[in-house]
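The values are calculated or read from the model by the stated rules, or taken from the named source; none is laboratory data. Just so it is clear, the structure is predicted and the values come from calculations on it, not from any experiment. Positions of Cβ are backbone-derived with ideal geometry, glycine not excepted, and every protein chain shown enters the neighbour counts.
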Amino acid sequence: MTTSFEALLPGTERALLHRVAVAQAEGRAPSFVGAVVRDGALVWSGSRSCVDGHAPDADTQYRIGSITKVFTAVLVMRLRDEGLLDLDDPLERHLKDTGVGEVTIAQLLAHSGGLAAETPGQWWERSSAALRPELSDVLGESPSLQTPGRRFHYSNPGYTLLGSLVEAVRGVGWEEALRREILDPLGMDRTTLDPVAPRAGGFAVHPWADVMMAEPSEDLGLMAPAGQLWSTAADLARFAAFLAAGDDRVLSAASVAEMRAPASPAGEGDWEGSYGLGLQLLRRDGRTLVGHTGSLPGFVACLWVSVDDGLAGIALANATSGPAPAVVAADLVRIVAEAEPRFPEPWRPLPADEVDADLLALTGPWYWGTYAYGLRLGPERSLVMEPLRGPGRRASFRVLPEGGWVGLNGYYAGETLRAVRRPDGSVSHLDLGSFVFTREPYEPGDAVPGGVSEDGWRGL
């Protein structure tokens, strides 16, 4: 099945279907669905099945496990944007008597709150929610294992707390908030708490024999915000478009970008990936992927978005283990990105009202000591500074209403850039977080901290 205003090339589609076929065969999955989103639209989906003549499509439901956590995180970010809480608030300011101390909402979103990975007692994914009727049953007597904020440690109970936080602050159930605030606005009517046909059955495949067994499908109860949802490739394509660009009906582009930024210290050996505010981050094939993996007995899933490529890959399978959806979803993105690279936007001059003589006078070469930098004018009176030769710190700056610019990334994130003027109004130098940038390297008479040697430049 292919739906798009601009279909993929036949060779690309064959390569994608081949990747899904290999994943289903080598992963020994009863069925496997893959899909690709390009520039916000579902452009390809394909599947393979162990049943001849019958295969799932982009409208077939699979359980998506921990991809559910991203939806919970979006609900929390909406509360923040409405001013109902702050991410740095201790959870217990809004949800009393949890026993997690000063753990903040941001730390729970980023899995850096130091909470246990799983619930006490029976394996929650394969046991009745009736065993965990209260938060105390989810958290146990000692929910904290590590000092909050020190390192990434994945915590399923942490997202149960966030779901309960949504209910406490919003005043409605997590499911109602999810449907009303995310699923309905994005048109995700095939994403549900309980399965709705057509849907795949979940299976365990024997590790040493080609036989399989049906897996139970439990209602997760209080753990639902950590992994309850069922969805389809088509619905996840809509969600992928939202994660790439935001949607003001749900969450602004700026807030979604905040979710995509690293927010948790990496654990030992985890340097290829990180975690944002509810989103997994991965560096693979030279690109940054954001999204989430998911698994519950009988199912594995993954959604990866490459914002820079305008692409997303989706992989869904109905086997407890074997398929590698995180690898396959990344490969689907790579196949399209390499076969059909994104066209750049046409170059266009800046609007006339964004350019004036004073701004143009700031552009060009500047020197921090002997490091050479170029300052370039961007849209909406923004600035970009980048090294002209050798190593250096690249940074983008947004104009401030009160004057000057604020750094948006890298070393200078949050730092202020100012043009310091002489009494006659000409620019003496740039001040960037106390660093002085001059038009010439160590020019006598310039505002160089510590002064300039009277001997000037000389040879040996």
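Let's see how each residue does on (1) surrounded by 21 or more Cβ atoms within 10 Å (Cβ to Cβ); (2) among the aliphatic types (A, V, I, L, M):
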{"residue": "188", "(1), (2)": "yes, yes"}
{"residue": "200", "(1), (2)": "yes, yes"}
{"residue": "208", "(1), (2)": "no, no"}
{"residue": "211", "(1), (2)": "no, yes"}
{"residue": "219", "(1), (2)": "no, no"}
{"residue": "240", "(1), (2)": "yes, yes"}
{"residue": "262", "(1), (2)": "no, no"}
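Across the range 360-398, the qualifying residues are those that are among the polar types (S, T, N, Q) and farther than 22 Å from residue 426 by Cα, and the one among them that is modelled with the lowest pLDDT is 370.
Could you please let me know if residue 48 is modelled with pLDDT of 95 or more, in a strand (DSSP E or B) and not aliphatic (A, V, I, L, M)? Here the answer is yes, as residue 48 does meet what is asked. Here residue 184 qualifies as free of Cβ contacts under 8 Å to residues at least 24 places away in the same chain and either assigned by TED's automatic domain parsing to the domain that holds residue 276 or part of a loop (DSSP other than H, G, I, E, B) (or both).
Give the range 256-267 a look and list any residue that's under 18 Å from residue 288 (Cα atoms) and not aliphatic (A, V, I, L, M), or say none. If you could, list the steps in order and put the result at the bottom.
Of the residues in the range 256-267, the ones under 18 Å from residue 288 (Cα atoms) are 256-266.
Result: 258, 260, 262, 264, 265.
Among the conditions (1) without any contact (Cβ under 8 Å) to a residue 12 or more places away in the chain; (2) among the aromatic types (Phe, Trp, Tyr); (3) under 28 Å from residue 227 (Cα atoms), the only one that residue 343 does not satisfy is (3). Listed by position, the helices (runs of 4 or more DSSP H) contained in the range 223-306 that have at least 1 residues being of a type in the set (Gly, Ala, Ser) and not assigned by TED's automatic domain parsing to the domain that holds residue 77 form an empty set.
Residues in the range 150-172: is at least one acidic (Asp, Glu) and surrounded by fewer than 16 Cβ atoms within 10 Å (Cβ to Cβ)? Checked the range 150-172: no residue is acidic (Asp, Glu) and surrounded by fewer than 16 Cβ atoms within 10 Å (Cβ to Cβ). Number of residues in the range 307-324 that are touching a helix residue (DSSP H, G or I) at 6+ places or on another chain (Cβ under 8 Å), surrounded by 24 or more Cβ atoms within 10 Å (Cβ to Cβ) and either outside the structural domain of residue 34 (by TED's automatic domain parsing) or not small (Gly, Ala, Ser) (or both) equals 4.
Checked against the criteria, residue 430 counts as in contact with a Leu (Cβ under 9 Å, 6 or more places away or on another chain) and either assigned to a strand (DSSP E or B) or loosely packed, with under 15 Cβ neighbours inside 10 Å (or both). Would you say residue 322 is in contact with a Lys or Arg (Cβ under 8 Å, 6 or more places away or on another chain), at positive phi and not in a helix (DSSP H, G or I)? Answer is yes for this residue.
Filter the range 13-58 down to the residues that are among the hydroxyl-bearing types (Ser, Thr, Tyr) and either buried (at least 21 other Cβ atoms within 10 Å of the Cβ) or not assigned by TED's automatic domain parsing to the domain that holds residue 234 (or both) and list them by number.
Let us first name the residues in the range 13-58 that are among the hydroxyl-bearing types (Ser, Thr, Tyr), namely 31, 45, 47, 49.
Matches in the range 13-58: 31, 45, 47.
Checking the structure you have, find out if any residue of the range 210-222 is among the β-branched types (Val, Ile, Thr), out of contact with any Phe, Trp or Tyr (no Cβ under 8 Å at 6 or more places or on another chain), over 25 Å from residue 330 (Cβ atoms) and in a helix (DSSP H, G or I). Looking for residues that are among the β-branched types (Val, Ile, Thr), out of contact with any Phe, Trp or Tyr (no Cβ under 8 Å at 6 or more places or on another chain), over 25 Å from residue 330 (Cβ atoms) and in a helix (DSSP H, G or I), one finds none in the range 210-222, hence no. From the list 316, 303, 289, 277, exactly one residue is touching a residue at least 40 places away in the same chain (Cβ under 8 Å) and farther than 21 Å from residue 42 by Cα. Which is it? Only one candidate passes the filter, namely 277. Close Cβ contacts (under 7 Å, 6 or more residues apart or on different chains) running from residues in the range 188-211 that are free of Cβ contacts under 8 Å to residues at least 40 places away in the same chain to residues that are surrounded by 13 or more Cβ atoms within 10 Å (Cβ to Cβ) and part of a loop (DSSP other than H, G, I, E, B) comprise 193/228; 193/229.
Looking across 144, 128, one residue alone is loosely packed, with under 14 Cβ neighbours inside 10 Å and either in contact with a strand residue (DSSP E or B) (Cβ under 6 Å, 6 or more places away or on another chain) or modelled with pLDDT under 95 (or both). It is 128.
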